[in-house]
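Peer 1: Before we start, here is the structure in question, set down as structure tokens.
The numbers here are math on the coordinates, done by the rules we state, and not lab data. All of these numbers come straight from a predicted model, not from anything done at the bench. Using ideal geometry, Cβ is built from the backbone for each residue, glycine included, and neighbour counts are taken over all protein chains shown.
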């Protein structure tokens, strides 16, 4: 057994728990998980069946944690997990799984397959079998502090740009602010308007907020590759920043996995409950709306529909707020089929969009989103995740669909009257 | 061994053996699985009523939105044979008598013609589900020896029981003995095959529902 | 008149007429075009600079620029190449120029996205981010307004 396979096996054995054991022993090979997975439904290839993506892990479980399995192994009757096999499984575990979680919701015996894929990735990455694209993100997180190589100067540049645009100052390192705003690399690089929107919204609501120079990055590459140690490093930085600035709430940006990492896995990664709240920006906007602190003017009149980011809705529990917010500013908001917690993945989450060799597969999987859109024929598509936005745009471009994609926070902010000093 | 001796054996020693293996096997497997434990969740819970492990145990019996039309045979065939099996096992007078002799409890049964009908329907559903497993690409791809073997283990008691009641093919005593033997095989292999889902389905649904319920998503 | 800050800049932009807005937007983007050099963007800017651009021509140019924009996004998790990110913002700015109608907010967007492109270049070079493109835009607008007699 090679050193890296050894490491992978060791890590996998550490993550095995009662739920995983229960799930492997409950599977009856009904194949329903495949019908819920867009990588299967749009390609027809059975190898993308979610439970099949876990086959080496299942055998390892059997051979290490069951009496009969161990006996079998001792007698040389079981098929060992090899380095080569893990290599073969890389495509299934990374390229063809976005951790969207639909499989976990449909399995009749209750298997939480996405939970298992997430754990399997721990072993795969420890064994060195993770895609180059995500490995790069991990390396940059370790060496630079951000998976996409973003440093503080880039954040400051954006801050200045936004201040010029709206005349609202962006606070940095303000102790005692109510909200600590996190950004994802994607926003810093691709969508500076997100920060502008936050500034406008907070200004109107009269809430104090701040960025943190030591912890502005919310994107968690550790989550995607399946490396809890790395995921912990990123979360710890955020926790340290939040505690240093004594904020009440940390706002997770329009990024799916950043929310999952901080809101649901964060406390478990650092081994203690948080002393502050964590909310997705959509949750914050909804709270402000309900409190009457988010006042908008005018409505969009064209037909709009909403794409639910998987990590926000199905995996995060934020399902109704985005709808309430849409109704605030959209006269003609229509739901696509399967909207809400059963919505279909954009095809690029979980690190998938960073995998160059997975692009063709993603484009095929996009046919599902395309069919949802074809059913409602919107003029524009709204969503609340920077990665979804880009993946959607690429898919739309590939299928020659002329459909602009916008961010929800940005859209809401556009309906807040300009009052700032710059004008 | 003549048929009567065979029948006496399966009714006595065989049954004791099978039940012992079943009970010990179930206990051992439950400990092996659930003894692994799981870490507590330290993240703040999102309270949404109706979202919990207990809810999911029941709710997961209903197909998720949009799924029924993707695989009607899986759902409908599956339900029909599961319910059919339960009805036949627990509401056929001779079975109730057996349970009474073992556990001291009894309840009214269904008329035997109804049980007969249910048995035939359950068998038909099982055949349908088998055909589906052979013809559908995903199911065929996933299927292993265990799937075919457990299908046989589950089908044989229905078939042999029906044949015994109708005095088909073999003399009654022998048919009955074979029926009881087929049930004993089912019981012996239950803890060690996918049939164990009969027990783990509750744990799995509960874990799944708990994790999602913690986030406020009713699954 | 002299423009020395964004308030004055916005007020001056508001004075422009319909056709002028498109041309001025294109001018701002032309000033950062060297950060892109994408032929589709060039075609769009050339078209926007003409007073007689037809709706059909604009539509074709818009499609080309959109493709250029989508192609140059930085994917989540990839290493940021600030050079190519600059070209992304140039494409975004150019998109504003070939809309069926260019209103004040579109013009402002074109200016802002052009500035973003320059910021990316500065980040790539490891330089400071003094808002130099803003100054360039102020001077350009001053000249344009002087020439057109406002």
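Peer 1: Please report, to two decimal places, log10 I(q)/I(0) for chain B at q = 0.07, 0.14, 0.15 Å⁻¹ as given by the Debye formula with identical point scatterers on the Cα atoms and no solvent.
Peer 2: Evaluating at q = 0.07, 0.14, 0.15 Å⁻¹ gives log10 I(q)/I(0) of -0.29, -1.06, -1.18.
Peer 1: With r as the distance between the Cβ atoms of residue A:303 and residue B:89 and R0 = 60 Å, compute the FRET efficiency 1/(1 + (r/R0)^6) and round to 0.05.
Peer 2: After rounding, the FRET efficiency stands at 0.60.
Peer 1: How would you order A:405-413, B:103-111, B:127-135 from highest to lowest mean count of nearby Cβ atoms within 10 Å?
Peer 2: By packing density, highest mean first, the sequence is A:405-413, B:127-135, B:103-111.
Peer 1: Next question. How many Cβ atoms of partner chains, on average, are near each residue of C:119-127 if near means within 10 Å of its Cβ?
Peer 2: Mean partner shielding for this stretch: 3.
Peer 1: How large is the convex hull of the Cα atoms of segment B:144-219 per residue, expressed in Å³ as a whole number?
Peer 2: 107
Peer 1: How much length is gained on full extension from residue C:146 to residue C:34, taking 0.36 nm per residue of separation minus their Cα-Cα distance?
Peer 2: Full-extension gain reported as 37.7 nm.
Peer 1: Classify the protein assembly as shown as rounded, prolate or oblate, taking a ≥ b ≥ c as the square roots of the eigenvalues of its Cα gyration tensor: rounded when a/c is under 1.5, otherwise prolate if a/b is larger than b/c and oblate if not.
Peer 2: Prolate, because a/c is 1.5 or more and a/b exceeds b/c.
Peer 1: Can you divide the C-alpha Rg of segment B:51-172 by 2.2 N^0.38 Å and report the result to two decimal places?
Peer 2: Dividing the Cα Rg of segment B:51-172 by 2.2 N^0.38 Å gives 1.25.
Peer 1: Right, next: According to the square roots a ≥ b ≥ c of the eigenvalues of the Cα gyration tensor, what is the shape class of segment C:1-67, taking rounded for a/c under 1.5, prolate for a/b larger than b/c otherwise, and oblate for the remainder?
Peer 2: Note, shape of segment C:1-67 comes out oblate.
Peer 1: How high is the relative contact order of segment A:3-130, given as a whole-number percent (alpha carbon pairs under 8 Å, six or more residues apart)?
Peer 2: Once normalised by length, the contact order is 40 percent.
Peer 1: Another question about this same structure. For segment A:116-233, what is the largest minus smallest coordinate of the Cα atoms on each principal axis, given in angstrom and ordered from greatest to least?
Peer 2: So the extents along the principal axes, rounded to whole Å, are 50, 24, 21.
Peer 1: In addition: If each of residue A:74 and residue B:148 carries a label point 7 Å out from its Cα toward its Cβ, how far apart are those two points in nm?
Peer 2: 3.0
Peer 1: What is the Cα centroid distance between segment A:302-329 and segment B:37-88, reported in whole angstrom?
Peer 2: Segment A:302-329 and segment B:37-88 have Cα centres separated by 25 Å.
Peer 1: Further, regarding this structure: What do you get when you divide the Cα radius of gyration of segment C:24-150 by 2.2 N^0.38 Å, with N the number of residues?
Peer 2: My calculation over the Cα atoms of segment C:24-150 gives 1.05.
Peer 1: I've got another one for you. What average number of partner chain Cβ atoms lie no more than 10 Å from the Cβ of the residues making up A:388-395?
Peer 2: For peptide A:388-395, the averaged partner shielding equals 3.
Peer 1: Let me ask you something else. Would you mind ranking B:75, A:48, A:399 so that the residue whose beta carbon has the fewest other beta carbons within 10 Å leads the list?
Peer 2: A:399, B:75, A:48
Peer 1: On to the next question. I'd like the distance between the alpha-carbon centres of segment A:347-401 and segment A:179-208, rounded to an integer number of Å.
Peer 2: The two parts, judged by their Cα centres, are 24 Å apart.
Peer 1: Express the relative contact order of segment A:93-180 as a whole percentage, based on alpha carbon pairs under 8 Å and six or more residues apart in sequence.
Peer 2: 13
Peer 1: How many angstrom lie between the Cα centre of segment A:23-55 and the Cα centre of segment C:1-51?
Peer 2: If we compute the Cα centre of each part, the gap is 53 Å.
Peer 1: By the gyration tensor of its Cα atoms, with a ≥ b ≥ c the square roots of the eigenvalues, what is the shape of segment A:77-167: rounded for a/c under 1.5, prolate for a/b over b/c, or oblate?
Peer 2: Oblate shape, in that a/c is at least 1.5 and b/c is the bigger or equal ratio.
Peer 1: Quickly estimate the mean residue ellipticity at 222 nm for chain B, helices only: each DSSP H run with n ≥ 4 gives -39500 (n - 2.57), and the total goes over all residues, rounded to 500.
Peer 2: My calculation for chain B gives -21500 deg cm²/dmol from helical runs alone.
Peer 1: Using Cα pairs under 8 angstrom and six or more residues apart, how large is the relative contact order of segment A:295-414, in percent?
Peer 2: Relative contact order for segment A:295-414 comes out at 31 percent.
Peer 1: Then there's this: Apply 1/(1 + (r/R0)^6) to the Cβ-Cβ distance of residue A:151 and residue A:277, taking R0 = 30 Å, and write down the FRET efficiency to the nearest 0.05.
Peer 2: 0.60
Peer 1: Moving to a separate point now. Across the Cα atoms of segment A:295-414, what radius of gyration and what greatest pairwise Cα-Cα distance (Dmax) are found, in Å?
Peer 2: 13.8, 45
Peer 1: Let me check I have the definition right: for segment A:231-358, take the eigenvalues of the Cα gyration tensor, multiply each by 5, take square roots. What are those semi-axes in whole Å, largest first?
Peer 2: Square roots of five times the eigenvalues give 28, 21, 11 Å.
Peer 1: Also, quick follow-up: What does the highest-first list of C:34-46, B:177-189 look like by mean Cβ count within 10 Å?
Peer 2: Top of the packing list down: B:177-189, C:34-46.
Peer 1: Quickly estimate the mean residue ellipticity at 222 nm for chain A, helices only: each DSSP H run with n ≥ 4 gives -39500 (n - 2.57), and the total goes over all residues, rounded to 500.
Peer 2: Calculated mean residue ellipticity at 222 nm is -14500 deg cm²/dmol.
Peer 1: Could you tell me the extents of segment A:3-130's C-alpha atoms along the three principal axes, largest first, rounded to whole Å?
Peer 2: 40, 29, 23
Peer 1: Here is a follow-up. For a Förster distance of 22 Å, can you work out the FRET efficiency between the beta-carbons of residue B:131 and residue B:170, rounded to the nearest 0.05?
Peer 2: Step by step, r from the Cβ atoms, then E = 0.25.
Peer 1: Over chain A, one equal point on each Cα, no solvent: what is log10 I(q)/I(0) by the Debye formula at q = 0.08 Å⁻¹?
Peer 2: Calculated log10 I(q)/I(0) at the listed q: -0.44.
Peer 1: With a point put 7 Å past each Cα toward its Cβ, work out how far residue A:399 is from residue B:45 in nm, to one decimal.
Peer 2: Taking the two extended label points, one gets 4.1 nm.
Peer 1: Let me confirm one metric for peptide A:99-107, namely the mean number of other chain beta-carbon atoms within 10 Å of its residues' beta-carbons.
Peer 2: 4
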